[in-house]
Every structure is written in structure tokens, then in C-alpha cells.
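Let me begin by presenting the structure, written as C-alpha cells, before commenting on it.
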Amino acid sequence: MKNRLLAASLFITATVYAQMAVFSVPYRTAKFPKTTEGKIIHYTYLVTNKGKAPLIIYSSETECSCTEVELPTSPIEPGKTSKIEVYFNTSGKYFYQDRLITLRTNTRKKIERLHLKVFVIPKE
């Protein structure tokens, strides 16, 4: 009897984990060429759900108000791709910039991270 309960428990656990959403992007870091201060940099991350359950991105956090993120408005179904739009305003920013975008999701890790990197040349 114990062996049957253990086997059933392991099967249920494996089934639940197999039903997770999986966050996948070709590149987690977007790198830009040197840019003059004052420009707005835009990048589109293509997110694919490689899991078995719909991928939900609940929210995003950035390090400052100079970075805006537009998330998908509906869950990303298994095997489907959606977009995350990121805008970085370089006004008042100088030299090497590495913007971290933290996403709260329903994946196993719960938190996914993206980066946007650029060297900003100050205006004279």
C-alpha cells in the first residue's frame, strides 16, 4: 500500500511540474551601440512559452523611471510568442548603462530578468 501511495505521489508531482509555463527569449541582454544622450532606446524582447501551461507575466520592475516596460496584456499560450517592449530614456544618463528589468511570472523560478546595455555619450 505504501508503495502505491508513493508512486501516485511521485506521478502527481511530476505531472504538476510538467504543466509549468517556461519563459524563453533568444537573448536576455540587449546591447546597443554607443548612443548620444537624450535619445530614447527601444527594444522588443520576443518571449516564447516553451511550457505546457499559459505563461503569465504579472508585473515588471525597473531600476528607475527612465525605463518603461510594456507587458503582454494576456497570457502567452504554450508554444506561442508575444512581445515585451522596453523604452530607455538616455536623458541625464552618462557612460555605461545596464538597465535591469525584473519580471514576476508564473514560471518555476517566479522571477525572470532581462538587461538592456548601452554606452551613453554625454552632450557637450
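We did not get these values from a lab; they are worked out from the coordinates using the rules stated. In this text the structure is predicted, and so the values were computed from the model without any measurement. Ideal geometry is used to build each Cβ from the backbone, glycine not excepted, and the neighbour counts take in all protein chains shown.
Stretching the chain fully between THR81 and LYS34 yields a gain of 14.0 nm (0.36 nm per residue, less the alpha carbon separation). When both bridge partners sit in the chain, DSSP labels roughly 85% of those beta bridges antiparallel.
Only Lys, Arg, Asp and Glu carry charge here, each on its Cβ (+1 for the first two, -1 for the last two); on that basis the chain has a dipole of about 620 debye about its Cα centre. The Rg/Rh ratio for the chain is 1.18, where Rg is the radius of gyration of the alpha carbons and Rh is the Kirkwood radius.
Relative to the dominant Cα principal axis of the chain, helix 2-18 is inclined by about 30°. Other residues within the sphere of radius under 15 Å centred on the Cβ of THR36, judged by their own Cβ, net out at +2 (K and R +1, D and E -1).
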